[in-house]
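Okay, so here's the structure we're looking at.
The values are calculated or read from the model by the stated rules, or taken from the named source; none is laboratory data. Owing to the predicted nature of the structure, the values given are computational and were not obtained by experimental measurement. Don't worry about glycine lacking a Cβ; one is built from the backbone with ideal geometry, like all the others, and counts go over all protein chains shown.
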Amino acid sequence: MIERSLSEDELADVIDEKIHGRGGSGGGGKKKKAESWGSKGRRIHKGSEARLGQVDNAMDRRENDEKSPADEVDSILRYLSEQDGENPSVPGLTKYLDWLMQYINNPDSMRITNDECGKWEQFTASVHAGGSGRQTSRNARARIHLITGIRASAEESRKAMPNQELVMEKLRVKLVTHVSNWRKLMRLNAGEIVNKADLDSAVLNRLVEADFS
């Protein structure tokens, strides 16, 4: 007979069946059972999920830290420099410049398409579910805007869909702020129009000055 090792889940199911199939009131004097391998694995898995949730929330806090317009813009330019690497055609920067030109004269017209965003990230919220319980469902959501590298996350709701909607709202606010920061750095007044040549020059000059290569 060919023997096969049980997976963690299979072993946990067998152990649970054995334990739950026993009767009795527990009897006096019995020693406390050692934690089973299956239950230990589940506990470790839940602990890992909680840690991942904490990491996501720490990332979100960093994303939401107040930055000066210059620092915020420079963080995006650094992201673009890292994405393009040694590629002489700088596809990331080229796409960014086209995107930026689309909104630089009217940041409030910002629209986000699914093609501009990465896949939805799922994680367990780190907030308490109420009372002594803890939120354990993986309904917290996050998403990155691929053109800029700007990321937003939400865990306010226990349901996935409201969190997704909130992520997109937060993402739009961040993108509008980013474009508005460029207007501040270029010292543009309200309603003042900038052409593509001036915008390209401003972005490229800042890249050179910051030396992100």
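Quick check on my filter: what residues within region 97-113 are surrounded by 13 or more Cβ atoms within 10 Å (Cβ to Cβ) and either in a loop (DSSP other than H, G, I, E, B) or of a type outside the set (Ser, Thr, Tyr) (or both)? Full working, then the answer.
We begin by selecting, within region 97-113, every residue surrounded by 13 or more Cβ atoms within 10 Å (Cβ to Cβ); these are 97, 99-105, 107, 110, 112.
Leu97, Trp99, Leu100, Met101, Gln102, Ile104, Asn105, Pro107, Met110, Ile112 - these are the residues of region 97-113 that are surrounded by 13 or more Cβ atoms within 10 Å (Cβ to Cβ) and either in a loop (DSSP other than H, G, I, E, B) or of a type outside the set (Ser, Thr, Tyr) (or both).
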I need a count of the residues in region 172-213 that are in a helix (DSSP H, G or I) and not β-branched (Val, Ile, Thr). 23
Answer yes if at least one residue in region 69-82 is exposed (fewer than 13 other Cβ atoms within 10 Å of the Cβ) and either part of a loop (DSSP other than H, G, I, E, B) or of a type in the set (S, T, N, Q) (or both), and no otherwise. no
Can you find even one residue in region 153-165 that is touching a helix residue (DSSP H, G or I) at 6+ places or on another chain (Cβ under 6 Å), surrounded by fewer than 17 Cβ atoms within 10 Å (Cβ to Cβ) and at pLDDT 95 or above? no
